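This report concerns only the one structure given below.
The values are calculated or read from the model by the stated rules, or taken from the named source; none is laboratory data. Owing to the predicted nature of the structure, the values given are computational and were not obtained by experimental measurement. Neighbour counts run over all protein chains shown; Cβ positions are idealised from the backbone, glycine included. Side chains are part of the model used for accessible areas, which takes the heavy atoms of the whole protein and leaves out ligands, DNA and RNA. Shrake-Rupley method; radii C 1.70, N 1.55, O 1.52, S 1.80 Å.
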Amino acid sequence: MIQATNTLSHTFALCILLMICIVLVRNPATAESIPVHHQEGVSRGFPVIRSLDGKILATGDTIQVADGHKVTSEMVFRFRDGSLYDEKTVFSQDGTFRLLSDHLIQKGPSFPHPIDIFIDCSKNEITIHSNDKGKEKDSIQHMDLPEDLADGMLLTLLRNISPSTAETKLSLLTTSSKPRLIKLSITPKGERSFTTGGTTHKACDFAIHVEIGGVAGAVAPLIGKQPPDTHVWMSIGTVPTFVRFEGPLYDGGPILKAELAKMRISADNLNLQANQKRPKKN
């Protein structure tokens, strides 16, 4: 009798789980393109990546240029262990933001699954070069890519999301040898204060939650495969700007922090030093 009861309980639990999965599949979360409130232009920044205990792991360089409604942005992080994170994103900003292409390279000891993936939205085409356990693989996949695809654009999109918006849904293509579309749920989690030069400012803490969807999404939390939320702090004001990122760089990766580097200007005049090193003419 006890064995029969346990079997019925197990069967009932599976039925409930299956019903949840069917609901998730039939009612996918709606997503939305983000209106352009702040036009992107020319910019450059120097972020750093740290471990949670404050150790610097990588130094970065971000460069962005705009040509009319077309924007090209590149973010490069060079890790102290020789690893490389390089993402070049091209998007349009004509009324709403629209991803055109995204090229991501992750390689080195900090990335156990090196990947080189190029997303071409005009062709609905994904070109992948991966290396898994020393085996290199090239593939081209075709997929219907949604207009709200956010790969490589999260910081830009967050700059255009009001802290008063209860929730924003976006699509994201996972960067792996077997990419799949997932949903992101972005919600503000209140204000935080930060200081620059002794002046106090406010930032909105945006939590980015991964909604895997389907059967995999329903099962993921039960088996400990649900990715942790990522947090991004954006300054509050007339022109929002990036303050801090906290989350993993890849699925299953450690939680890291990224923020702008502190600068120190040298007192040495490099032009004078160069002139002094030049050989004198007879």
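Below is a table of values for the structure above.
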quantity	calculated
The lone exception for residue 122 - which of (1) open to solvent by 20 Å² or more (accessible area, probe 1.4 Å); (2) small (Gly, Ala, Ser); (3) under 19 Å from the mean Cα position of the chain (by Cα) it fails	(3)
Within the range 160-211, tally of residues that are among the polar types (S, T, N, Q) and in a loop (DSSP other than H, G, I, E, B)	8
Within the range 143-158, considering residues that are of a type outside the set (A, V, I, L, M, F, W, C) and touching a residue at least 24 places away in the same chain (Cβ under 8 Å), the one surrounded by the fewest Cβ atoms within 10 Å (Cβ to Cβ)	147
Which numbered condition residue 200 misses (of (1) open to solvent by 50 Å² or more (accessible area, probe 1.4 Å); (2) among the β-branched types (Val, Ile, Thr); (3) within 24 Å of residue 107 (Cβ to Cβ))	(3)
The range 82-99: number of residues that are buried (at least 21 other Cβ atoms within 10 Å of the Cβ) and within 14 Å of the chain's Cα centre (by Cα)	3
When residues of the range 26-69 are limited to those that are closer than 24 Å to residue 168 by Cα and outside any loop (DSSP other than H, G, I, E, B), the one least open to solvent (accessible area, probe 1.4 Å)	35
Every residue from the range 100-113 that is free of Cβ contacts under 8 Å to residues at least 40 places away in the same chain, open to solvent by less than 60 Å² (accessible area, probe 1.4 Å) and closer than 27 Å to residue 34 by Cα	101, 105
Out of 140, 128, sole residue that is assigned to a strand (DSSP E or B), without any contact (Cβ under 8 Å) to a residue 60 or more places away in the chain and buried (at least 16 other Cβ atoms within 10 Å of the Cβ)	128
When residues of the range 238-263 are limited to those that are more than 15 Å from residue 50 (Cβ to Cβ) and open to solvent by 50 Å² or more (accessible area, probe 1.4 Å), the one modelled with the highest pLDDT	241
Unmet requirement for residue 89, which otherwise passes all of (1) over 21 Å from residue 45 (Cα atoms); (2) in a strand (DSSP E or B)	(1)
Enumeration of residues in the range 70-81 that are under 20 Å from residue 34 (Cα atoms) and open to solvent by less than 60 Å² (accessible area, probe 1.4 Å)	71, 72, 73
